[in-house]
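Here's the structure, in C-alpha cells; my notes come after.
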Amino acid sequence: MSLPRILAIGGSDPSGGAGIQADIKTITMLGGYAMTAITAVTVQNTLGVSAANPLPAALVAEQIDACLSDIGADAVKIGMLGSPETAAIVATRLAHFTGPVVFDPVMVATSGGVLATQDVIAAFEALIARATLVTPNLPELAALGGEASLLARARALLIKGGHDEGDEVIDRLLTPTGERQYRGPRLVTDHTHGTGCTLASAIACGLGAGLLMEEAVGRGIAYVRAALSAAPGFGQGHGPLGHGLGHGLAIGPDRSFPTLTGISETDTRAITKDSL
C-alpha cells in the first residue's frame, strides 16, 4: 500500500479530540500523509463548545490550493465548514479534483455544541453532490431530508448507527444499487469525542490508498472501535478516543484490527466498484 496523501478540510479543536487534530492523528496512524485546510477555530473541550470562529472563505481556498497545487492529494475529507461561503468555495475548489471525497456533514459536536447553522446546512448541497461518500449520523440524516432524499442526491451514504438504541450498532453503506451492513456490539463509554471526524478520515485514507469502498469503510469502523477501546480517559465530559491505540492495542502490518472489532458484515445487495 503506497503512502496516500489526504487533505482534511475542517475546524480546529484545541483539546485535540475532534476536528483537524483527530484527522491528522487518524490519517497518520493508518499510514497516510496528512495535510489540512482549517475552516474555523473553535474553543472546545470534552465539556462543550464555547466559541466557533470561521476563517475567511478565501483563506480556506488558499490553503486548499496550496496543498493541491504542490503536493497533491489522493483523497479529501471534509468536516466542519463554518460558513455558507466556505461551503461554496470548497465545492468550487474541488470541482476539478478527480480523487475520492468523503464528506462528514458536521452539525453538532458530541458534547452538544452547534457547529453548523441552518444557512451552512443549506449550503451543503454542492458538496453532497460532489462527494464520493457522505457519512451522516442519524440526527444529521434527518436534518438533510432522510434516507431516500439524501441517497437521491448523493453517490453513496454511510449511515452511522451510533445514535440508535440497542446493544448492537449497525452502520449501513448505501448506494443506489446496493447496501452493506456493518454490525458490532455497542461499546458503552462516555469517551466518544471525535468519532465522526475519525471515521471519515479513516475512510478517506483507505480510499486514497486504493481500497474499495466497502473495504475502506470496514477498516475505518474497525479503527474507530479500536480507538474507542483505547480511550485514555481524559477530560470531565465526552473524552477523546485513543487514536494512538494505547493500552496494549496494536495496529496490524496491513493496517487492520482483526482481534478488536467484533464486526460482522452483511451484503443485502451487491456493491461493485463500478456502482460507486
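The values are calculated or read from the model by the stated rules, or taken from the named source; none is laboratory data. Keep in mind that this is a model prediction, so the values were computed, not measured. Neighbour counts run over all protein chains shown; Cβ positions are idealised from the backbone, glycine included.
Observations on the structure shown:
- Residue list for the range 159-196, filter: in contact with a Pro (Cβ under 8 Å, 6 or more places away or on another chain) and of a type outside the set (D, E): I159, K160, H163, V169, H191, H193, G194
- Scanning the range 191-247 for residues that are assigned to a loop (DSSP other than H, G, I, E, B), among the aliphatic types (A, V, I, L, M) and surrounded by fewer than 21 Cβ atoms within 10 Å (Cβ to Cβ) gives L211, L212, A230, L245.
- Conditions (1) crowded, with 19+ Cβ neighbours inside 10 Å; (2) aromatic (F, W, Y); (3) touching a strand residue (DSSP E or B) at 6+ places or on another chain (Cβ under 7 Å): number failed by F124: (3)
- Any hit, the range 68-78, residues being within 28 Å of G233 (Cα to Cα) and either of a type in the set (S, T, N, Q) or touching a residue at least 24 places away in the same chain (Cβ under 8 Å) (or both): yes
- Filtering the range 145-178 to residues that are at pLDDT 90 or above, part of a loop (DSSP other than H, G, I, E, B) and either surrounded by fewer than 12 Cβ atoms within 10 Å (Cβ to Cβ) or within 18 Å of the chain's Cα centre (by Cα) (or both) leaves G146, A154, R155, A156.
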